[in-house]
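*Asks:* To start, I am sharing the structure in question, which I have written as structure tokens.
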Amino acid sequence: MAQVIDWPGRMQELADFVGLDQDGLELIQATREVVLAHGEELTASVYDNFLEFPESRRFFTDEHGDVNEDRLTRRKHSLMRWLRGSIDFQMDEDYPIRVLAMGIVHSHPPLHRSHLGSVPARFMIGTISYIQSAVADLLRREMDDPDLAMRAAAAWNKMLMLQLDIMLAGYVNEVPNEPVAGGPQYTGPGAE
Ligand code: HEM
């Protein structure tokens with residue numbers, strides 16, 4: 001029988017698994033200024049990369065194969081909004097639901113682009129990998145303290161993996177199993 005999934009609990013479990021704690025979230029927040037100062041160029045490079053490959057490019061072209069600049073600009077703004085929101089990533093009740101919804105937008109094409117099918121999951125994985133490298137590179141270049149830059153990049157990597165897990169849950173049909181006694185339980189803000 002279908003079960004209601006405890007998304008915040010799942011996210012907390014994976015956060016514990018990869019070792020992302022409050023200190024890690026504060027490290028990410030400490031990179032706000034440098035990430036935002038270079039956010040536009042980072043998101044632009046993600047889209048340049050999409051346009052390099054026919055299988056990702058086709059999501060941004062018109063029926064003649066030309067890039068639809070309006071659509072591209074809108075998508076860049078969406079990605080920038082997401083990046084800004086990621087700096088304030090929280091292990092709360094809302095975040096995983098918003099990320100899940102974002103995954104579903106990519107896996108289940110709305111009517112106006114139903115002919116294109118899902119954004120292939122491999123490009124979701126590839127995009128997160130691309131962003132992880134771009135953020136690490138940025139922090140290494142722009143932060144004065146290399147040790148801090150390294151630790152902040154590791155925290156970003158972990159946080160982006162948590163998001164990827166939930167985004168891909170919008171793609172995958174798993175057979176859920178019974179909760180295990182002593183298993184993950186959400187204890188953060190909003191928990192009973
Ligand atoms: C994993 C990293 C990605 C993130 C964080 C991301 C982020 C977003 C966001 C925030 C939106 C707006 C969602 C909304 O309106 O509710 C969006 C929409 C969209 N993204 Fe992505 N995206 C990612 C990967 C990709 C890839 C790899 C492609 C294609 C190659 C893609 C193509 C699109 C398209 C076509 C839409 C518009 C959906 C629609 O028709 O409404 N995205 N993305």
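*Asks:* Specify the residue that is farthest from the ligand (Cβ to nearest atom); the eligible residues are those in the range 88-117 that are within 19 Å of GLY24 (Cβ to Cβ) and among the aliphatic types (A, V, I, L, M).
*Replies:* MET91
*Asks:* Would you point out the residue of the range 1-12, among those that are part of a helix (DSSP H, G or I) and of a type outside the set (A, V, I, L, M, F, W, C), that is nearest to ALA153 (Cα to Cα)?
*Replies:* Top of the filtered list is GLN12.
*Asks:* Out of the residues in the range 13-31 that are small (Gly, Ala, Ser) and in a loop (DSSP other than H, G, I, E, B), which is surrounded by the fewest Cβ atoms within 10 Å (Cβ to Cβ)?
*Replies:* So the residue we want is GLY19.
*Asks:* Separate question: Which of (1) within 12 Å of the ligand (Cβ to nearest atom); (2) over 19 Å from the mean Cα position of the chain (by Cα); (3) at negative phi is the odd one out, the single condition GLY85 does not satisfy?
*Replies:* (2)
*Asks:* Looking at the range 66-78, which of the residues that are of a type in the set (Lys, Arg), over 16 Å from TYR130 (Cα atoms) and surrounded by 14 or more Cβ atoms within 10 Å (Cβ to Cβ) is nearest to the chain's Cα centre (by Cα)?
*Replies:* Filtering the range 66-78 for residues that are of a type in the set (Lys, Arg), over 16 Å from TYR130 (Cα atoms) and surrounded by 14 or more Cβ atoms within 10 Å (Cβ to Cβ), the one nearest to the chain's Cα centre (by Cα) comes out as ARG75.
*Asks:* Another one. Taking ALA121 as the residue in question, decide whether it is among the aliphatic types (A, V, I, L, M) and exposed (fewer than 13 other Cβ atoms within 10 Å of the Cβ).
*Replies:* No: the conditions fail for ALA121.
*Asks:* Tally up the residues in the range 32-65 that are more than 17 Å from the chain's Cα centre (by Cα), more than 10 Å from the ligand (Cβ to nearest atom), surrounded by 14 or more Cβ atoms within 10 Å (Cβ to Cβ) and assigned to a helix (DSSP H, G or I), please.
*Replies:* 1
*Asks:* Okay, next question. May I ask you to list pairs of residues, at least six apart or on different chains, whose Cβ atoms are under 7 Å apart, with the first in the range 60-72 being under 14 Å from HIS115 (Cα atoms) and the second being part of a strand (DSSP E or B)?
*Replies:* If the second residue must be part of a strand (DSSP E or B), the pairs left are PHE60/VAL67; THR61/VAL67.
*Asks:* When you check VAL18 against the structure, is it touching a residue at least 12 places away in the same chain (Cβ under 8 Å), within 24 Å of GLY117 (Cβ to Cβ) and under 17 Å from the mean Cα position of the chain (by Cα), yes or no?
*Replies:* no
*Asks:* Could you check, for the range 124-135, whether at least one of its residues is exposed (fewer than 15 other Cβ atoms within 10 Å of the Cβ), among the hydrophobic types (A, V, I, L, M, F, W, C) and closer than 26 Å to LEU42 by Cα?
*Replies:* There is at least one residue in the range 124-135 that is exposed (fewer than 15 other Cβ atoms within 10 Å of the Cβ), among the hydrophobic types (A, V, I, L, M, F, W, C) and closer than 26 Å to LEU42 by Cα.
*Asks:* Quick one: LYS158 ticks every box in (1) more than 13 Å from the ligand (Cβ to nearest atom); (2) over 12 Å from the mean Cα position of the chain (by Cα) except a single one, so which number is it?
*Replies:* (2)
Each reported figure results from applying straightforward, stated rules to the coordinates on display, with no laboratory input. The model shown is predicted, which means the values in this text are computed figures rather than measured ones. Backbone-built Cβ (ideal geometry, glycine too); neighbour counts: all protein chains shown.
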